[in-house]
Amino acid sequence: MIRKFAGIALIAVTVGGTAVAQNAVIDQAAAEKGAVKTDSGMVYRSLKDGTGASPKETDIVSVHYKGTFPDGTEFDSSYKRGQPTEFPLNRVIKCWTEGVQKMKVGGKARLTCPPSLAYGERGAGSAVPPNATLVFEVEPLGIK
C-alpha cells in the first residue's frame, strides 16, 4: 500500500505478518548538509554547536524541544509551555538517548527518528500514531 503524507510516499510492506512502514523522510533528512545518519537509523543534524558538556546516558538533562511530524505539524513543545523539561536520559525514547548524548549544553540539533527509535508500534496516546517517524529540535540547557 502506498499513501501520501505531506507529499512524501509512505510505503507499507508486510514482512512475516508484521506491517513495516518505509519512507523517504529519513533519507531526505540524511541528505541535508551536515546531517549524519547513525547505524541505528537516526539522523542527527547540528543546528548550533554547544560549548558545554555532553550528557551521558545516565545523566538527568534539562532541555527545550519541539516535536513534529515530517509534514511540520507540531505535536509537543516545551517552548509553547514556556518551561524546559527535565528527565533521565535513559528513560526516554531511544532516539533521544542516542541523539542528546551527541550534543553539548548550549547547542541545538534536529533529530529525525525512525519509528523503531521513537514510539514504534504502540504510538504515544492520541498525540503520536503507531509507526510514526518523528522530528525533534532539541536544545540541552543543563546536566545533573
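The values are calculated or read from the model by the stated rules, or taken from the named source; none is laboratory data. No experiment lies behind these values; they were computed from the predicted model shown. When we count neighbours, we look across all protein chains shown, and the Cβ atoms used for this are built from the backbone with ideal geometry, even at glycine.
Within the stretch 79-109, the set of residues being under 19 Å from Lys37 (Cα atoms) and part of a loop (DSSP other than H, G, I, E, B) comprises Ile93, Lys102, Met103, Lys104, Gly107. Regarding Ser126, is this residue touching a residue at least 12 places away in the same chain (Cβ under 8 Å) and small (Gly, Ala, Ser)? So Ser126 does not fit the description; no. Quick one: would you say Ser46 is more than 23 Å from Lys33 (Cβ to Cβ), touching a strand residue (DSSP E or B) at 6+ places or on another chain (Cβ under 7 Å) and part of a strand (DSSP E or B)? No: the conditions fail for Ser46. Looking at the stretch 22-38, which of its residues are more than 17 Å from Ile93 (Cβ to Cβ) and either in a loop (DSSP other than H, G, I, E, B) or hydrophobic (A, V, I, L, M, F, W, C) (or both)? Passing the criteria: Ala24, Ala30, Ala31, Glu32, Lys33, Gly34, Ala35, Val36. Any chance the stretch 123-133 includes a residue that's in a strand (DSSP E or B) and either at pLDDT 95 or above or over 21 Å from Ile60 (Cα atoms) (or both)? Among the residues of the stretch 123-133, at least one is in a strand (DSSP E or B) and either at pLDDT 95 or above or over 21 Å from Ile60 (Cα atoms) (or both), which makes the answer yes. Of all the criteria given as (1) polar (S, T, N, Q); (2) surrounded by 20 or more Cβ atoms within 10 Å (Cβ to Cβ); (3) not in a strand (DSSP E or B), the one not satisfied by Thr112 is (3).
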